[in-house]
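J.: Encoded as structure tokens, here's the structure I'll be asking about.
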Amino acid sequence: MDQLNYWAIAERDIEIQNPITDRKLRLLDDYCDIRDGLSVLDIGCGKAWLMRQWADKHAIEGVGIDINPRFLEVARRKPPARGHLTFHNASAKGFPISPASYDIVLCLGASFAIGEVPQALEWMAAATKPGGSVVLGDMVLRHHPEVPKGDILPPDTVSMMGVVERHGAEVSATISASEADFERYVSHHRHATLTWARENPKHPDHAEVLSKSRRDWMYYQRTIRPLLGWTIFVGRKNG
Ligand SMILES: C[S@@+](CC[C@H](N)C(=O)[O-])C[C@H]1O[C@@H](n2cnc3c(N)ncnc32)[C@H](O)[C@@H]1O
């Protein structure tokens, strides 16, 4: 099964492709001091909801990189009212970025496109101008399991802040998904994949879509809901 196709099905009904709500994402307007003239790089931008909101309100220059052409189709559909956005259908790793060239570098739910979180932060910090913002959203550990879990679990928020700070940025704000926010995000995936399977019973990927959908759904119920969360870290690069 084509994984890009799976995600196009699972996220066909949503434009924010992470567990944070639109209301909470709007906090980033202040935390990143968004204004005319800023340059923004969005790694794994998907449908680029956040950058499109910013470019509707401000004359920003934004660049989005994503491997899924179906998401970029949505991102490009309507030119923003004030800013200018360019999208590249490419993999983030190896994409040529000049050092210290963006005021804001975003990566929401796509650090794996570069590597482990420390590697992604190093890459992001290098692309950010001194005094600019490094914004990473990722899974965090909220509760340590009482007995060792088989799954590889992410670091908690304190360790994540340490990682951001070791890469030359001071964390100035965090925004976290609530349990209900995360449940809504994952339920969208489950609902969309089951609906798609009912509508496409003869599709060659039918069985695989259903089995991945069930695996992800049970991972959410067994591991994410009791132990994990999702947090955006806003770091200001020193200098
Ligand atoms: C969880 S989604 C987040 C999308 C968007 N940042 C948001 O928060 O709405 C992860 C995104 O990373 C993209 N992605 C996965 N691997 C990638 C890679 N190697 N290079 C660039 N983008 C990648 C996916 O296509 C997807 O759009």
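Where a number appears in this text, it was derived from the coordinates with a stated rule and is not lab data. What you see is a predicted model; the values in this text were computed from it and never measured. Methodologically, a virtual Cβ is constructed for each residue, glycine included, from the backbone with ideal geometry; neighbour enumeration extends over all protein chains shown.
J.: Taking 45 Å as R0, compute the FRET efficiency from the Cβ-Cβ separation of Ala207 and Arg26 and round it to 0.05.
T.: Given R0 = 45 Å and the Cβ-Cβ separation, E is 0.65.
J.: In the chain, what % of DSSP beta bridges are antiparallel (nearest 5)?
T.: Just about 45 percent of them are antiparallel.
J.: Which length gain, in nm to one decimal place, applies between Ala180 and Leu4 when the Cα-Cα distance is subtracted from 0.36 nm times their residue separation?
T.: Additional length available on full extension: 60.7 nm.
J.: Modelling each spin label as a point 7 Å along the Cα-to-Cβ direction, I'd like the Arg76/Glu199 distance in nm, to one decimal.
T.: About 2.3 nm, to one decimal.
J.: Would you work out which of Phe95, Gly62, Ser211 lies farthest towards the positive end of the dipole of the chain, given +1 charges on the beta-carbon of Lys and Arg and -1 on that of Asp and Glu, about the Cα centre?
T.: Among Phe95, Gly62, Ser211, the one farthest towards the positive end of the dipole of the chain is Ser211.
J.: OK, next. With charges only on Cβ, +1 for K and R and -1 for D and E, what is the dipole size of the chain about its Cα centre, in debye, rounded to 20?
T.: That gives the chain a dipole magnitude of about 440 debye.
J.: Using θ = phi - 60° and the Karplus relation 6.51 cos²θ - 1.76 cosθ + 1.60, list the HN-Hα couplings for the stretch 233-239 in order, rounded to whole Hz, with x at every Gly or Pro.
T.: 10, 9, x, 9, 5, 4, x
J.: Further question: Using a cut-off of 11 Å between beta-carbons, work out the net charge of the residues near Phe182 (Lys and Arg +1, Asp and Glu -1, Phe182 not included).
T.: Net charge around Phe182: 0.
J.: Which three extents, in whole angstrom, do the alpha-carbon atoms of the chain cover along their principal axes, largest first?
T.: Computed over the chain, the largest-to-smallest principal extents equal 53, 46, 33 Å.
J.: Give me the percent relative contact order of the chain, please, defined on Cα pairs under 8 angstrom at least 6 residues apart.
T.: 23
J.: Would you list, by chain and number, the aspartates and glutamates whose Cα falls below 13 Å from the Cα of Lys24, excluding same-chain residues fewer than 8 positions away?
T.: Answer for Lys24, where 13 Å is the Cα cut-off: Asp181, listed by chain and number.
J.: What percent do you get for the relative contact order of the stretch 111-239 when only Cα pairs under 8 Å and 6+ apart count?
T.: Value for the stretch 111-239: 45 percent.
J.: P(r) for the stretch 76-158, please, calculated from all Cα pair distances in 5 Å bins and given in %.
T.: Each 5 Å bin holds this share of Cα pairs: 3, 12, 18, 20, 17, 13, 8, 6, 3, 1, 0.
J.: Further, regarding this structure: Work out the length of the dipole vector of the stretch 188-230 about its Cα centre, built from +1 on the beta-carbon of each Lys and Arg and -1 on the beta-carbon of each Asp and Glu, and round it to the nearest 20 debye.
T.: 180
J.: A further question follows. Please compute, over every Cα-Cα pair in the stretch 159-230, the percentage with a separation greater than 15 angstrom.
T.: The proportion of pairs with Cα distances above 15 Å equals 65 percent.
J.: In whole Hz, what ³J(HN,Hα) sequence does the stretch 20-26 give by Karplus (6.51, -1.76, 1.60; θ = phi - 60°), x for Gly and Pro?
T.: After applying 6.51 cos²θ - 1.76 cosθ + 1.60, I find 7, 6, 4, 4, 6, 5, 5 Hz.
J.: Would you tally the net charge around Pro19, using a Cβ to Cβ cut-off of less than 9 Å, leaving Pro19 out, and scoring K and R as +1, D and E as -1?
T.: Net local charge, Pro19 excluded: -1.
J.: Counting Lys +1, Arg +1, Asp -1, Glu -1, what net charge surrounds Asp36 among other residues with beta carbon under 11 Å of its beta carbon?
T.: So the surrounding residues net to +2.
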